[in-house]
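Data first, discussion second: the structure below is written as structure tokens.
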Amino acid sequence: MKQFLISAIKWLAMILVIAGIVMSVRHFCVESYRISTNAMEEALHQGDYILVNKLPVEGNPGRNRVVLFTSPLLKDTVSSPLFLSRCIGMPGDTILISSDGYEVNGKRLPHSPRSLSTYFITQKSAADFLKALQKLNIPVRDWKSETFGYSLSLTSFEEYQLREELTEEMNIHFIRNQVAPYKLVVPRKDRAYRLDEAALTACKEAIRAQVGDKAVFRDGKLYLDGRETTFFFFDQDYYWMLSDNVNESVDSRHLGFIPRDHIIGNAWFCWFSADKQRIFKPVH
């Protein structure tokens with residue numbers, strides 16, 4: 001009986017040690033996650049299983065790597081939803097955002113073929129324009145009545161198809177909406193960060209998380225303890241995330257800059273997928 005108890009205790013101790021090792025590896029090193037959205041197609045598909053590298057080493061998170069992170073929004077503090085996006089902006093980077101896409105430190109990022117832009121068609125040409133959409137099997141997305149016509153959403157390839165199909169006169173009445181370009185600098189730890197209207201919009205949640213009720217935002221300005229300030233010092237590095245499938249995802253366009261302490265890690269490789277050719281392939 002005594003021998004049995006000793007043996008049972010040894011087995012229990014071994015199981016506890018193994019369980020502790022597994023839990024430690026999952027918490028600090030590598031953990032498996034299932035992709036529940038199509039935010040990163042074609043890099044990853046909904047239903048894929050990936051391993052995420054959590055080790056706090058240089059390059060994690062890495063530039064242009066697919067990164068798993070939690071929401072930085074204060075309202076999400078309890079639930080902490082997970083998001084998967086590509087890290088396009090590192091601490092200190094300058095990002096130019098315009099109707100044509102994104103530039104990081106002066107280098108233009110490839111435009112996603114799925115990315116939607118807003119277009120306008122005048123009332124005069126609307127009927128023939130709808131016929132052209134039907135002929136080309138282009139879906140009518142976000143069709144809205146405007147003062148002098150209608151607006152809708154199209155991909156760049158769909159625009160190209162329509163330009164080829166429409167007459168020269170109709171092309172004049174088919175206009176792509178332009179967005180005023182603006183720049184953002186990704187906050188870097190312990191560096192003076194200049195605050196303009198665009199920066200305040202992107203940094204509002206980060207500033208509130210750091211200083212709480214001391215921060216008051218009014219008329220496009222920041223007040224700390226009642227005093228207006230045009231600079232801010234962040235206590236950690238931040239990142240700008242953008243999903244590959246930009247039309248069906250949530251990323252820094254909605255969440256603002258992502259703080260370092262909300263980064264879980266780089267997506268390492270896909271260990272299971274419905275597409276057999278994707279199994280055990282690195283995530284790029």
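What follows is calculated from the coordinates using simple rules that are stated; it is not laboratory data. The structure presented is a predicted model; accordingly, all values stated were derived computationally and were not measured. When we count neighbours, we look across all protein chains shown, and the Cβ atoms used for this are built from the backbone with ideal geometry, even at glycine.
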Original post:
For the chain, the longest stretch holding no trypsin sites (Lys or Arg not before Pro) located in a DSSP loop with at most 15 other Cβ atoms within 10 Å is which?
Top reply: 64-188
Original post:
Can you give me the Cα centroid spacing of region 194-208 and region 227-284 in angstrom?
Top reply: 19
Original post:
With the Cα gyration tensor of region 163-284 giving a ≥ b ≥ c as the square roots of its eigenvalues, does the rule (a/c under 1.5 for rounded; else a/b larger than b/c for prolate; else oblate) give rounded, prolate or oblate?
Top reply: oblate
Original post:
Sequence-distant or interchain residues sharing an amide H contact under 5 Å with VAL30, placed H: which?
Top reply: LYS54
**OP:** Work out how far the C-alpha atoms of region 190-235 reach from end to end along every principal axis, then list the three figures in whole Å, largest first.
**Re:** 24, 20, 17
**OP:** Would you mind computing, in nm to one decimal, how far apart the modelled labels at VAL179 and SER98 are, each placed 7 Å from Cα along Cα→Cβ?
**Re:** 1.4
Subject >> Loop-resident sites, region 145-175, for GluC sites (Glu not before Pro), counting at most 16 other Cβ within 10 Å (DSSP) >> reply: GLU146
Original post:
Which of these, THR147, THR122, THR155, has the largest mean-square fluctuation under a Gaussian network model of the chain (Cα springs below 10 Å)?
Top reply: THR147
Original post:
Just one of [x] 1.10; [y] 0.96; [z] 1.04 is Rg/Rh (Cα atoms, Kirkwood Rh) as worked out from the coordinates here. Which one is it?
Top reply: [x]
Subject >> Under 16 Å from LYS204, Cα to Cα: aspartates and glutamates that are on another chain or at least 8 residues apart >> reply: ASP76, ASP196, ASP213, ASP219, ASP225, GLU228, ASP235, ASP237, ASP251
Original post:
Most mobile of ASN177, ASN266, ASN53 per a Gaussian network model of the chain (Cα springs, under 10 Å)?
Top reply: ASN177
Subject >> Gaussian network model of the chain, Cα within-10 Å springs - most flexible of ILE121, ILE263, ILE88 >> reply: ILE121
Subject >> Reach of LYS107 by Cα under 18 Å, taken over lysines that are not fewer than 8 positions away in the same chain >> reply: LYS183
**OP:** Measure of size requested: the Rg and Dmax of region 75-177, with Cα atoms as the atom set and Å as the unit; please supply both.
**Re:** 18.0, 56
**OP:** Would you please calculate the Kirkwood hydrodynamic radius of region 221-284 over all C-alpha pairs and express it in Å, rounded to one decimal?
**Re:** 15.4
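Please give the contour-minus-distance gain from ILE279 to LEU200: 0.36 nm per residue of separation, less the Cα-Cα distance, rounded to one decimal in nm.
Gain on stretching ILE279 to LEU200: 24.2 nm.
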Original post:
Counting other Cβ atoms within 10 Å of each Cβ, which chymotrypsin sites (Phe, Trp or Tyr not before Pro) in region 215-284 have at most 16 and sit in a DSSP loop?
Top reply: PHE280
Original post:
Which residues' amide hydrogens lie under 5 Å from the amide hydrogen of ASP93, considering only partners 5 or more residues apart or on another chain, with H built in the peptide plane?
Top reply: VAL186
**OP:** Classify region 116-176 as rounded, prolate or oblate, taking a ≥ b ≥ c as the square roots of the eigenvalues of its Cα gyration tensor: rounded when a/c is under 1.5, otherwise prolate if a/b is larger than b/c and oblate if not.
**Re:** rounded
**OP:** Only helices at least 20 Å long along their axis, Cα-based, and averaging 1.6 or more on Kyte-Doolittle count here, so list those DSSP H runs from the chain.
**Re:** 2-24
Original post:
Nearest 20 debye, what's the magnitude of the dipole of region 116-176 about its Cα centre given +1 on Lys and Arg Cβ and -1 on Asp and Glu Cβ?
Top reply: 160
**OP:** Apply 1/(1 + (r/R0)^6) to the Cβ-Cβ distance of GLN134 and ARG227, taking R0 = 51 Å, and write down the FRET efficiency to the nearest 0.05.
**Re:** 0.30
